[in-house]
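One structure below.
The values are calculated or read from the model by the stated rules, or taken from the named source; none is laboratory data. Quick caveat, the model's predicted, so the values are computed rather than measured. Every residue, glycine among them, receives a Cβ derived from its backbone with ideal geometry; neighbour counts consider all protein chains shown.
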Amino acid sequence: MLYLWLKTFHLIGVVSWFAALFYIVRLFVYHAEAQDEAEPQRTILMAQYAIMERRLYNMIQNPAMWITSVTAVGLLVLQPSYLREPWMIAKLVLVALLIAFHYASAGMMRAFVAGHVSRSGEWFRWANEVPTLLLVAVTILAVFKAAIPWTGLGWAMAGLVAFIFWGIRYYAKYRQRHPEQVATAPPGARS
């Protein structure tokens, strides 16, 4: 019964963590674009995004990462044989990358506040796909476990990367062709 409770809270933590990881980078997109606004809008927006990022990180993202991690350790203590499985080792490597991304987002928040961010909104749009790719790979590993089709995983990831690349490039061209739609959007509501 303990295993099922740990798994339940693990899944709740994972969902919350990924929601925060997706949203914080979207806030970075808006924060980066706010740097191009005229004053006083620039200062107001940048201050508001800094508040939103800090609250998201401290109240959702960080606690969700810890819930996910602690329950994962509990699950592995109850099922130590999983640590000998290649799929679990691959999953743990991907989770380590997620944790690195998690802490990198904290560093990015500090850089925004210090005024040391020169990255564009488009760069952050690309960065926003990192947790997406990791989520897909981790989910495939968790579902297929030992029956993982490694070549299938590779093809699925390559296809997803190609689709994301095409989507971001298409949207960038769309924004260039239709600047009036971007210009008429309220500040901070630009995609």
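Of the helices (runs of 4 or more DSSP H) contained entirely in the range 1-111, those carrying at least 1 residues that are in contact with an Asp or Glu (Cβ under 8 Å, 6 or more places away or on another chain) fall at 2-34, 41-56.
A quick yes/no check of all residues on (1) of a type in the set (Gly, Ala, Ser); (2) at pLDDT 90 or above; (3) in contact with a Cys (Cβ under 7 Å, 6 or more places away or on another chain):
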position: Ser81; (1), (2), (3): yes, yes, no
position: His116; (1), (2), (3): no, yes, no
position: Gly152; (1), (2), (3): yes, no, no
position: Gly159; (1), (2), (3): yes, no, no
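Could you say whether any residue in the range 118-126 is surrounded by fewer than 16 Cβ atoms within 10 Å (Cβ to Cβ) and either within 25 Å of Leu2 (Cβ to Cβ) or in contact (Cβ under 8 Å) with a residue 60 or more places away in the chain (or both)? Yes, there is a match, as at least one residue in the range 118-126 is surrounded by fewer than 16 Cβ atoms within 10 Å (Cβ to Cβ) and either within 25 Å of Leu2 (Cβ to Cβ) or in contact (Cβ under 8 Å) with a residue 60 or more places away in the chain (or both).
Residue-by-condition table, conditions (1) touching a helix residue (DSSP H, G or I) at 6+ places or on another chain (Cβ under 8 Å); (2) closer than 29 Å to Pro63 by Cα:
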residue: Ala100; (1), (2): no, yes
residue: Ala106; (1), (2): yes, yes
residue: Val117; (1), (2): yes, yes
residue: Leu134; (1), (2): yes, yes
residue: Leu141; (1), (2): yes, yes
residue: Glu180; (1), (2): no, no
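Among the residues of the range 146-164, the one identified as exposed (fewer than 14 other Cβ atoms within 10 Å of the Cβ) and either touching a residue at least 60 places away in the same chain (Cβ under 8 Å) or among the acidic types (Asp, Glu) (or both) is Ala146. Contact map, the range 64-84: first residue farther than 24 Å from Tyr103 by Cβ and among the hydroxyl-bearing types (Ser, Thr, Tyr), second residue surrounded by 15 or more Cβ atoms within 10 Å (Cβ to Cβ) and modelled with pLDDT under 95, Cβ cut-off under 6 Å, separation 6 or more or different chains; pairs are Tyr82/Met88. Of all residues in the range 141-175, those being assigned to a helix (DSSP H, G or I) and within 13 Å of Lys91 (Cα to Cα) number 8. Of note, Val130 does not satisfy the criterion of being surrounded by 15 or more Cβ atoms within 10 Å (Cβ to Cβ), in a loop (DSSP other than H, G, I, E, B) and β-branched (Val, Ile, Thr).
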